[in-house]
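Here, each number is a calculation from the coordinates, and none is a lab measurement. Keep in mind that what you see is a predicted model, and the values were worked out from it rather than measured. Here Cβ is always computed from backbone atoms with ideal geometry, including for glycine, and neighbour counts include all displayed protein chains.
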Amino acid sequence: MSKRTDSNGYTMIFAVVMVLIVGSLLAFMASSLKPNIKENQRIEKQQNILYAMGVNENDESSATFVSTSVAGEEFKKYIKKQLVIEGDKITESDDAYLIDIKKQKTNAKNGKTRKLPLFIGEKDGKTFYVAPIYGKGLWDAIWGYVSMDENMVVQGAYFDHKGETPGLGANIKQRYFMDDFNGEHLLTEAGDFKGITVAKGNNDPKNDDKNDYEVDAIAGATITGDGVSAMIKSDLSLYVPYFKTLNP
Amino acid sequence: MALISKKDAALIKDPLLDNNPITIQVLGICSALAITAELKASIVMSVSVLFVLGLGNVVISLMRNIIPSKIRIIVQLIVVATLVIIVDLVLKAFAYELSKTLSVFVGLIITNCIIMGRFEAFALGNGPWRSFLDGIGNAVGYGVILIAVGFFRELLGSGTLLGFKVLGDPIEKTGLYAFGYENNGFMLLSPMALIVVGIIIWIQRTKNKSLIEEN
């Protein structure tokens, strides 16, 4: 018996109708939820920046942001200035944290000037300079925020990723990895940029040596770790001229 | 009448042991390798698959009489992809934190062969209620193995369970580490997942000889 559903005509019509239904359903869902999603992402950026400068609700081992409901207020309270560095020109903008780093990187590749956002925060009388970084891990994008003092010594770091392997590369957003960066130097004593390398077997798993430009890597996450080293080098080195103006 | 008849109960029970999707049918191996380095990831993945497979089986079963057989695989793919993307979008809008934990798994769920396998082998030929039970049974069977593998890999590879340092601190040399115990970093790499699954298959077939195939 040949079933009605076997005919070519039926198959074609079914395919077309199915694609139309599914396509419009997904388009409708995506566009109607977009404002909510955008808002969530905006708050998350504020939380990330605050986290890097030490405004968070961490307990002993967890990494916890300030809650979403107060993120906006806390951001206003702690972040004193948001700068956009474009070559020699430095402007202030309250929306600097919304600058899309990925887009700016592509711009730079195409020969346009790259806008570098920098957030200056104050907490307990100390000034923090928080810069965003963006790069690639093993599977997809990785990014983060690094807060530094005026000598480019790391005061705090936050990393995140889009799709690194759970349990391996995904652990770059764990406290035991991020906290290792605290106190590490980015500049040599002569003032040249050196960066921080995520290194295997540096014989310093507790990370007591803060002057070795290295942090201990995560086992099984070599490529993600290399990605972290690379984005620190490529993105933070761009801020060196600005920091030079702070310490003439 | 009982809520679940004996025949229906077998739909849930069989995939747990004697017809387990991973150890007997050897499906879903890719995700079993990819995300079992940590117990927490295994649990999250199991719950996600439980949800998608239960719901997807019902949807496919309801559509089983109108799906043209020539393009049925594509239709199944579209159904599962749509379900997963909708769930992902809703989570992103209303439970952002949770969605960040789950987003890694979205791609893995869509390509999970157990899901396609159950759509193809069961939901296309059975009613929605039975398909639902079959989906739940297979997802739980999958989850049990995933969690077992995740348990051993995290325990032996990192010395932790769900992030808690159950064997002591490897850097401070407390607990077991004081006696010279070391974590086996090899457990964190994918090949060890395959070996752990292999050992489970071995144990299972030793216990139940009828599962051994004859050449």
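Student exercise: in chain B, how many lysine pairs 8 or more apart or on different chains have Cα atoms under 21 Å apart?
Qualifying lysine pairs in chain B: 7.
Determine the sum of side-chain charges near B:Ala93: Lys and Arg each +1, Asp and Glu each -1, restricted to other residues whose C-beta is under 14 angstrom from that of B:Ala93.
Local net charge: +1.
For chain B, what is the convex hull volume of the alpha-carbon atoms per residue, in Å³?
Once divided by residue count, the hull of chain B is 167 Å³.
Per residue of B:98-111, how many C-beta atoms from partner chains lie within 10 Å of its own C-beta, taken as a mean?
2
Excluding residues fewer than 8 places away in the same chain, name every one of the lysines whose C-alpha is closer than 17 Å to that of A:Lys102.
A:Lys38, A:Lys45, A:Lys112, A:Lys115, A:Lys136, A:Lys162, A:Lys233
Give the angle, between 0 and 90 degrees and rounded to the nearest 10, that separates the Cα long axis of helix A:8-52 from the longest principal axis of the Cα atoms of chain A.
20 degrees
Nearest 20 debye, what's the magnitude of the dipole of the protein assembly as shown about its Cα centre given +1 on Lys and Arg Cβ and -1 on Asp and Glu Cβ?
With only Lys, Arg, Asp and Glu charged at Cβ, the dipole is about 1980 debye.
Where a ≥ b ≥ c are the square roots of the eigenvalues of the C-alpha gyration tensor, would you call the range A:40-246 rounded, which needs a/c under 1.5, or, failing that, prolate if a/b is larger than b/c, or oblate?
Cα axes put the range A:40-246 in the rounded bin.
Does the range B:85-204 classify as rounded, prolate or oblate by the C-alpha gyration tensor (a ≥ b ≥ c root eigenvalues; a/c under 1.5 gives rounded; else a/b over b/c gives prolate, otherwise oblate)?
Taking the square roots of the gyration eigenvalues as a ≥ b ≥ c, the range B:85-204 is oblate.
State to the nearest 20 debye the size of the charge dipole of the range B:40-205 about its Cα centre, where the only charges are +1 on K and R beta carbons and -1 on D and E beta carbons. Spell out each step's value before the answer.
On the way: 12 positive and 8 negative charges, 98 e Å.
For this selection, approximately 480 debye.
How about the range B:138-183: which trypsin sites (Lys or Arg not before Pro) there are in a DSSP loop, with at most 14 other Cβ atoms within 10 Å of their Cβ?
Those that pass, being in a loop and sparsely packed, are B:Lys173.
Which of the three applies to the protein assembly as shown, rounded, prolate or oblate, going by the alpha-carbon gyration tensor with a ≥ b ≥ c and a/c under 1.5 meaning rounded?
Because a/c hits 1.5 or more and a/b fails to exceed b/c, the protein assembly as shown counts as oblate.
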